[in-house]
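**Student:** Shown below is the structure under consideration.
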Amino acid sequence: MHAGMAPIAGMAFSRLPITSMCLLAACATSREVMAPDGSRAHYIECPRSQAECMDEAAELCPRGYEVIDSGEKSGAVARQDRFTGVTTVNKVYRGTLTVKCRRRGRVQNQEE
C-alpha cells in the first residue's frame, strides 16, 4: 500500500480532499447570500444538528458573527421493503443558520 492510502472495507483509497469527505459524511454546507440590509451574509445548512451550523459559522467568521435567522426541522421517514415487509424508520433533521460576520469587533456593514 502506498503512503497516504488507507484500507477501507478491504480497498485502498487515497486521502480525499476535505470537501469530498464532507459530502460523504454530510457536513454543514454554506453559501454567501445578501442580508436584508444589503450586506453580505452566510446561509448555512446542517444535516445533523444546529451545533454543526454554529461550528461552520465559527469557521467562516473567526472574529464572531451575528445570527440573522435560524431554523430547524426534524421528523422521521418510514420505508417498507416491498420484498421482506420490514419497515425501517430513519430520523430526519435539517437545520439552517444565516449569519453576518464581525469585522474588527463589529458586524460588517454594506460598505465593507
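What follows draws every value from the coordinates through simple rules; no lab data is involved. Since the model is a prediction, treat every value here as computed from it, not as a measurement. Backbone-built Cβ (ideal geometry, glycine too); neighbour counts: all protein chains shown.
**Student:** Once R0 is set to 35 Å, what does the formula 1/(1 + (r/R0)^6) return for the Cβ-Cβ distance between residue 84 and residue 104, expressed as a FRET efficiency to the nearest 0.05?
**Tutor:** Values: r = 60 Å, r/R0 = 1.72.
After rounding, the FRET efficiency stands at 0.05.
**Student:** Another one. May I ask for the Rg/Rh ratio of the stretch 28-107, computed from Cα atoms with Rh as the Kirkwood radius, given to two decimals? Don't skip to the end; give the middle numbers.
**Tutor:** Numbers: Rg = 17.2 Å, Rh = 14.1 Å.
Rounded to two decimals, Rg over Rh is 1.22.
**Student:** A follow-up question, please. Count the net charge of all other residues whose Cβ sits under 12 Å from the Cβ of residue 48, scoring Lys and Arg as +1 and Asp and Glu as -1.
**Tutor:** Values: positive: 91, 94; negative: 45, 52, 55, 56, 72.
Its environment carries a net charge of -3.
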